[in-house]
Amino acid sequence: MLKRTIKTFVSRLLNPAQRARPDGPRRYERQEHGIDRRLVSRHAVKVCEVLSQHGYEAYVVGGAVRDLIVGLEPKDFDVATNATPEQIRALFRRARIIGRRFRLVHVVFGQEIIETSTFRADDSGKQTDEHGRILRDNEFGTLQDDAARRDFTLNALYYDPLSETVIDYHNGVADLKERLVRIIGDPETRYREDPVRMLRAVRFAAKLDASIEAKTHEPIKRLSRLIENVPESRLCDETLKLLNCGHAMDCIRRLQDEGLHNKLLPMIEPLQRLPHGEAFLDMALARTDSRVRAGKSVSPSFIYACLLWKLVQKDWLLRCDKGEHPQQALLEAADMVIESQTRVMPIQKRYQSDMREIWFMQPRFERVANRAIWRMTEQPRFRAAVDFLQLRAEAKEVDSVLAQWWMDLANAGDDERSEMIAVRKPAGATAAPRSGQRRNRRRRSNAKRTQQAGGIEA
C-alpha cells in the first residue's frame, strides 16, 4: 500500500497534467508545454509586452496556443487582457474597437491583425433568446472568469510569451495530449448559448484526429436544428473554417453523421447521388486539404465552385441537349444552381461572382482563338480557372493534355507565353460538355447550304 502511494505521488510530481490545485490553475513551463517562442507572432508578443509594461495582464490565447502545443502552425494569434477596449486602443497607434455583442480591439501591424479582447465575465444572467442563445454580452471579468467562458478545454489555454508559461484552468493540456474534445460546463446549456459550438466540436475533432468526449457528444444530434437560428454571416465564416481546416472531407462526413450539414452544405447529398459526384468532391477536397497542410492559401470561391460544379454541369448538359448554345446554357445553369443553393446555404455575393468566372472560363479553354488568349490571361480568376480545369482533367471531363498546356501557360513568363501561343493549333468548334451534348452545327450547315446553292444562302 505504501509503495503504491509513493508511486502515485511520484507520478503526479513528474506529470504536470495531474498536479491539480483545487484553488487555482495548472502552470506549465516551457519544457512541459513544448511551445517554441520563435513560432509565436512577433506582433502578438509586442502586444503582450506593451500591455505588460503598462501594468496589465496579457496572454496569447485560444487556437494559437492549442496549435502550437500539438505542433501545428497557427493561422492567426489572439490576445486576452484585463485592459478595457479603450485602454488597449490608447496604447497602440493603429487600433480600432469593433463588435456589438462583445467589444474587442483590432491592433493592426501591416497585413497582420492581432485581435485583442478583454477578459469576459461569468455568463450567468446574460440576455438570451427563447432557445438559450446569448444575445448581449458586454461585461468584463477576471482571467478565471474568461477561462470558464471559453467553449472547449483545449481552447481555454493562456500563453505568456514573456515568462513562456501556459496557464490551464480546465485540464486542456491533458485533453490535447489525449486527443479529446471536451466542452467546459454543461454541454446542452453551452450549445444552446451558441449552437456554432457544435460545429466547432466537429471541426476540432477532425483537425486534431481526436474524439469528442461522451457527454460533449451526446446532445449534438438532438440539438442540431438549433443551427437554423444562427445568423448567416456566422454560418458562412464557420463553413469556410470547416472547409479550410485541412481535413474537409472528414469534417463533412462527421457533419452528416451528426445531422449538421443541411444548413451549411445542402448540396452534399444531391451531389453524392450524381454519377461521379462523390468522386469529384473527394478529389476537390483532397487538393484543398493538401494545399492547406502545405501552408498555401485556398480561395473560398474555388472551394464553392468545386462543391457546386457537378450540379451546374448536370443542368448544363440538359440545356445543351435541348439545343441551347453551350455558353448561354452554362450561364443559365450557374444562375439556377446558385439561386437554389443560396436559399439555404450562405454564400457571399463576392464569392458568387468569382465562382461564375471560374465556370464560364471552362468552355473557353477548349475553343478560344489564339488572339484572345492574352485577354483570358488578364482575367482576375484566370489562375483559379486553370486549377479548376486541372481538376476536371483529373476527373476525365476534359483532355489532360489540354489542361496541362493551360497550366504551363499560366506558369510561363510573357516571352514563353508568346512562343506557346504562336505555335498553338487553331481552336476548334465551340466546346461543350462531353457526355450527351448535341454540338451546335448551325454555322456549318448554313455554310454547306450556301456552297450547294452556288454562293447564295438557301
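The values are calculated or read from the model by the stated rules, or taken from the named source; none is laboratory data. These figures come from a predicted structure and were not determined experimentally. Positions of Cβ are generated from backbone atoms using ideal geometry, with glycine treated the same way; all protein chains shown enter the neighbour counts.
Taking Thr153, is it among the polar types (S, T, N, Q), under 30 Å from Phe302 (Cβ atoms) and buried (at least 21 other Cβ atoms within 10 Å of the Cβ)? Walk me through it before giving the result.
On the way: among the polar types (S, T, N, Q): yes; under 30 Å from Phe302 (Cβ atoms): no; buried (at least 21 other Cβ atoms within 10 Å of the Cβ): yes.
Taking the combined requirement at face value, the residue does not satisfy it.
Based on what the data block shows, is Arg38 surrounded by 18 or more Cβ atoms within 10 Å (Cβ to Cβ) and either farther than 14 Å from Val107 by Cβ or more than 27 Å from the chain's Cα centre (by Cα) (or both)?
No; evaluated as a whole, the condition is false for this residue.
Among the numbered criteria (1) more than 16 Å from the chain's Cα centre (by Cα); (2) under 20 Å from Glu238 (Cα atoms); (3) not in a helix (DSSP H, G or I), which single criterion is violated by Gly295?
Exception for Gly295: condition (1).
Listed residues Glu218, Glu213; which is surrounded by 14 or more Cβ atoms within 10 Å (Cβ to Cβ), among the charged types (D, E, K, R), modelled with pLDDT of 90 or more and more than 22 Å from Ser340 (Cβ to Cβ)?
Going through Glu218, Glu213 in turn, just one is surrounded by 14 or more Cβ atoms within 10 Å (Cβ to Cβ), among the charged types (D, E, K, R), modelled with pLDDT of 90 or more and more than 22 Å from Ser340 (Cβ to Cβ): Glu213.
Do you know which of the residues in the range 49-84 that are of a type in the set (D, E, K, R) and assigned to a loop (DSSP other than H, G, I, E, B) is farthest from Val292 (Cα to Cα)? It would help to see each step written out before you state the result.
First, the residues of the range 49-84 that are of a type in the set (D, E, K, R): 49, 57, 66-67, 73, 75-76, 78.
The next check asks that each one be assigned to a loop (DSSP other than H, G, I, E, B); those that pass are 57, 73, 75-76.
Values: Glu57: 34, Glu73: 11, Lys75: 10, Asp76: 14 Å.
Among residues in the range 49-84 that are of a type in the set (D, E, K, R) and assigned to a loop (DSSP other than H, G, I, E, B), the one farthest from Val292 (Cα to Cα) is Glu57.
List the pairs whose first member sits in the range 255-277 and is under 12 Å from Val344 (Cβ atoms), whose second member is part of a loop (DSSP other than H, G, I, E, B) and hydrophobic (A, V, I, L, M, F, W, C), and whose Cβ atoms are under 7 Å apart, counting only residues at least 6 apart or on separate chains?
Sorted first by the residue in the range 255-277, then by its partner, the pairs are Lys263/Val344; Leu264/Met345; Leu265/Met345; Pro266/Val344; Pro266/Met345.
Got a sec? Which of Met249, Met283 is on the phi < 0 side of the Ramachandran plot and not assigned by TED's automatic domain parsing to the domain that holds Phe204? It would help to see each step written out before you state the result.
Working: Met249 fails: not assigned by TED's automatic domain parsing to the domain that holds Phe204.
When all the criteria are applied, what remains is Met283.
Which condition number does Arg253 fail, the rest of (1) surrounded by fewer than 17 Cβ atoms within 10 Å (Cβ to Cβ); (2) modelled with pLDDT under 90; (3) in contact with a helix residue (DSSP H, G or I) (Cβ under 9 Å, 6 or more places away or on another chain) being met?
Here Arg253 meets the rest and fails (2).
Of everything in the range 134-175 that's acidic (Asp, Glu), under 28 Å from Pro231 (Cβ atoms) and not in a helix (DSSP H, G or I), which residue is modelled with the highest pLDDT? So that I can check it myself, show each step before the final result.
Our first condition is that a residue be acidic (Asp, Glu); within the range 134-175, this holds for 137, 139, 145-146, 151, 160, 164, 168, 175.
Filter again for under 28 Å from Pro231 (Cβ atoms), leaving 137, 139, 145-146, 151.
From what's left, not in a helix (DSSP H, G or I): 137, 139, 151.
Values: Asp137: 55, Glu139: 81, Asp151: 94.
For the range 134-175, the residue satisfying everything is Asp151.
Going through the range 313-344 one residue at a time, which ones are among the basic types (Lys, Arg), farther than 18 Å from Ile268 by Cα and buried (at least 17 other Cβ atoms within 10 Å of the Cβ)? Before you say what the answer is, go through the steps one by one.
Keep residues of the range 313-344 that are among the basic types (Lys, Arg), which gives 314, 319, 322, 343.
Still in the list and also farther than 18 Å from Ile268 by Cα: 319, 322.
Once the filter is applied, which keeps residues that are among the basic types (Lys, Arg), farther than 18 Å from Ile268 by Cα and buried (at least 17 other Cβ atoms within 10 Å of the Cβ), the range 313-344 yields only Arg319.
So, of the residues in the range 346-378 that are in a loop (DSSP other than H, G, I, E, B) and touching a helix residue (DSSP H, G or I) at 6+ places or on another chain (Cβ under 7 Å), which turns out to be farthest from His261 (Cα to Cα)?
Initial filter on the range 346-378 (in a loop (DSSP other than H, G, I, E, B)): 346-348, 368-369, 378.
Within this subset, residues satisfying the condition of being touching a helix residue (DSSP H, G or I) at 6+ places or on another chain (Cβ under 7 Å) are 346-348, 368.
Details: Pro346: 12, Ile347: 15, Gln348: 18, Val368: 39 Å.
Filtering the range 346-378 for residues that are in a loop (DSSP other than H, G, I, E, B) and touching a helix residue (DSSP H, G or I) at 6+ places or on another chain (Cβ under 7 Å), the one farthest from His261 (Cα to Cα) comes out as Val368.
Restricted to the range 103-125, and to residues that are surrounded by fewer than 17 Cβ atoms within 10 Å (Cβ to Cβ) and under 20 Å from Tyr169 (Cβ atoms), which residue is modelled with the highest pLDDT?
Result: Asp122.
What pairs can you find where one residue is in the range 51-75 and closer than 16 Å to Phe92 by Cβ and not assigned by TED's automatic domain parsing to the domain that holds Leu143, the other is small (Gly, Ala, Ser) and modelled with pLDDT under 95, and their Cβ atoms are less than 8 Å apart, with a gap of 6+ or different chains?
Sorted first by the residue in the range 51-75, then by its partner, the list stays empty.
So, in the range 176-189, exactly how many residues are in a helix (DSSP H, G or I) and either in contact with a Pro (Cβ under 9 Å, 6 or more places away or on another chain) or small (Gly, Ala, Ser) (or both)?
Residues flagged as in a helix (DSSP H, G or I) and either in contact with a Pro (Cβ under 9 Å, 6 or more places away or on another chain) or small (Gly, Ala, Ser) (or both) within the range 176-189 amount to 2.
It is to be established whether one or more residues within the range 351-359 are farther than 22 Å from Trp406 by Cα, in the same structural domain as Ile303 (by TED's automatic domain parsing) and out of contact with any Phe, Trp or Tyr (no Cβ under 7 Å at 6 or more places or on another chain).
Looking through the range 351-359, at least one residue is farther than 22 Å from Trp406 by Cα, in the same structural domain as Ile303 (by TED's automatic domain parsing) and out of contact with any Phe, Trp or Tyr (no Cβ under 7 Å at 6 or more places or on another chain).
In this structure, is Arg234 at pLDDT 90 or above and surrounded by fewer than 17 Cβ atoms within 10 Å (Cβ to Cβ)?
Numbers: at pLDDT 90 or above: no; surrounded by fewer than 17 Cβ atoms within 10 Å (Cβ to Cβ): yes.
Here the answer is no, as Arg234 does not meet what is asked.
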